[in-house]
Amino acid sequence: MSGRVLEGSKVQNIPNVSLGDFFFNSADKFADKKCQINASTDRSESFASVKLRSTRVALEMRKRGITSQDVVVLSAKITLDVSIPILASFYLGAKVANLDPSFSLRQTTHLLSLVSPKMIFVEEASVGLIEQALKNLNLEAVVVVFGESPNHSKFSDFDKFHLNETEFKPSKVDVGETGLILFSSGTTGLPKAICHSHYSFLHLLFSFYESDANFEVLLSFTSFYWLSAMMFLAASFIVGGCRVICSTMEAERVFQAIEKYKVTLMFLAPVLSYKLTNFTKHGDYDTSSLSGIVFGGTSVSTAQFCKFSTVFNHSNIVVCYGQTEVGVVSMFNLRTDEGLIRSKTGSSGKITSGYAVKIVDLEGDKVLGPNQKGEIRVKTDSVMKGYYKTDSSFVFDNEGFIKTGDVGYYDDDECLYIVERIKEMFKYCSWHVVPTLLEGVLLEHPAVKDAVVFGFPCSEEEGEVPTACVILEEASTADEKDVEEFVAERVSDKEKLRGGVFFVREILRTPSGKLMRKEIRDTFVNSSKQIK
């Protein structure tokens, strides 16, 4: 069957303004509405308060020399304060780059080396981490601490009255210039600094907005290191919606927040969903306000999707597909695609407005047709400007489509399915083995709490044998053989875990829940463990 390019409709009503103007003007428009609530303390503030505080911080940053040529970094868990310097930086036209405070010193040092920030806002607990990373790089930057610090400026020194604060206006900048720097997840190598212009970020934001999700009350858990957190922040400024902040992912607190604040939309990494489905008292809470739940970042097994749908039976639940380089490529419409959502379990939906997608043969550039697996390639105005101060031409093909490195296909109804990362697939006896499919099977075992599958080098003839590291539930009495047999009964012969099952206490993941498969595999292969 001949191949074709799938295209979403054109994105409507994208404002041709800088990110500074977008946030500043929206805060004016929705001044009296609640902008954000801290679920832990029940403290809240209005859009007017957010605008005033971010204006004050911008004035202090300008006083200390920050301009549109500078990079400003944040490293902190989400609180009511953390979004303020992000907006302030946008007002000044500065480039914003966010870290996650849970990163190791090695990771933090590498990310700072990519962007060389002039100013860093950091939570009190991570000051030592940032100091050591800067020392390792011989890099000077102004450090501003959320909290107390004897050696550095405090955020409270920035969030204070300025004489000319009422006359302040955002700096004028070219909307094609870099406004936001995000980092690739680093699951298959060192992270890269991904540059989005003011326009490309607003394009991907309004493309997501056309999914018809209810943005009135938003709930997410990740730090601003992740694109999803930045999108939820910006989406609330489109409609005057309120962000509910949960800095920790505790099941009971999540259900309490949904009920108390009438949350309408929640974004969740699939790995976090198990905490909610394992919470036995979920029926004690009213979650009927939650019209939509969006999974993203990794795949979710069919069994877990069904469990989650039972717990949140009032919600339309969708799995979106995207990359930091391009935004949300596919997702079902939460209002009009209800029938497809229920009948296409496992699909990441239709191509989003403003995107074009083609599936290309893994051995060449032939465009494939329905139900044929190949690399997903994407063209969109939401595409990144490139990697910060690094050549990015290698990620584009000769038609301007970005090479995602993901394997997938679309069905006869043009619904997209994601199979695996090209770099994470491996071959056993010339058979492509897809780790995520086997992990989904493992997670169906009642004794398995978490799992990762990878290929262990065997012989030149056989290639790599499927191997699994597994974390068991605390009360489990299952043994390795039991888990191996469970999988063997549910997969093809070449997908059996011939490399064995190894019980471990920890499985490395990024803060958003993505498996660090390459690091796990390399550590395992280089260790003293032997294949059975």
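The values are calculated or read from the model by the stated rules, or taken from the named source; none is laboratory data. Remember, it's a predicted structure, so these values are computed and weren't measured experimentally. We place every Cβ from the backbone using ideal geometry, glycine too, and count neighbours over all the protein chains shown.
Quick notes
- The residues of the stretch 46-62 that are part of a helix (DSSP H, G or I), over 12 Å from Ile86 (Cβ atoms) and either of a type in the set (A, V, I, L, M, F, W, C) or touching an Asp or Glu at 6+ places or on another chain (Cβ under 9 Å) (or both), listed by number, are Phe47, Ala48, Lys51, Leu52, Thr55, Arg56, Leu59, Glu60.
- Answer residue from the stretch 114-168, given it is in a helix (DSSP H, G or I), touching a residue at least 12 places away in the same chain (Cβ under 8 Å) and charged (D, E, K, R) and is nearest to Thr390 (Cα to Cα) among those: Glu131
- Residue identified as among the basic types (Lys, Arg) and either within 17 Å of Ala141 (Cβ to Cβ) or free of Cβ contacts under 8 Å to residues at least 24 places away in the same chain (or both) among Lys34, Lys63, Lys29: Lys63
- Residue within the stretch 223-242 that is in contact with a His (Cβ under 8 Å, 6 or more places away or on another chain) and modelled with pLDDT under 95 present: no
- Of the residues making up the stretch 121-156, just one is exposed (fewer than 13 other Cβ atoms within 10 Å of the Cβ), in contact with a strand residue (DSSP E or B) (Cβ under 9 Å, 6 or more places away or on another chain) and acidic (Asp, Glu), namely Glu148.
- Output for the stretch 238-256, where each listed residue is surrounded by 23 or more Cβ atoms within 10 Å (Cβ to Cβ) and in contact with a Cys (Cβ under 8 Å, 6 or more places away or on another chain): Cys242, Arg243, Val254
- Of all residues in the stretch 352-402, those being under 17 Å from Asp413 (Cα atoms) and surrounded by fewer than 20 Cβ atoms within 10 Å (Cβ to Cβ) number 6.
- For the stretch 463-489, residues that are of a type outside the set (A, V, I, L, M, F, W, C) and surrounded by 15 or more Cβ atoms within 10 Å (Cβ to Cβ) total 7.
- Of the criteria (1) at pLDDT 95 or above; (2) aliphatic (A, V, I, L, M); (3) over 25 Å from Ser9 (Cβ atoms); (4) touching a Lys or Arg at 6+ places or on another chain (Cβ under 6 Å), which one Val395 fails: (1)
- Of residues in the stretch 288-319 being surrounded by fewer than 21 Cβ atoms within 10 Å (Cβ to Cβ) and of a type in the set (Val, Ile, Thr), the one nearest to Val217 (Cα to Cα): Val311
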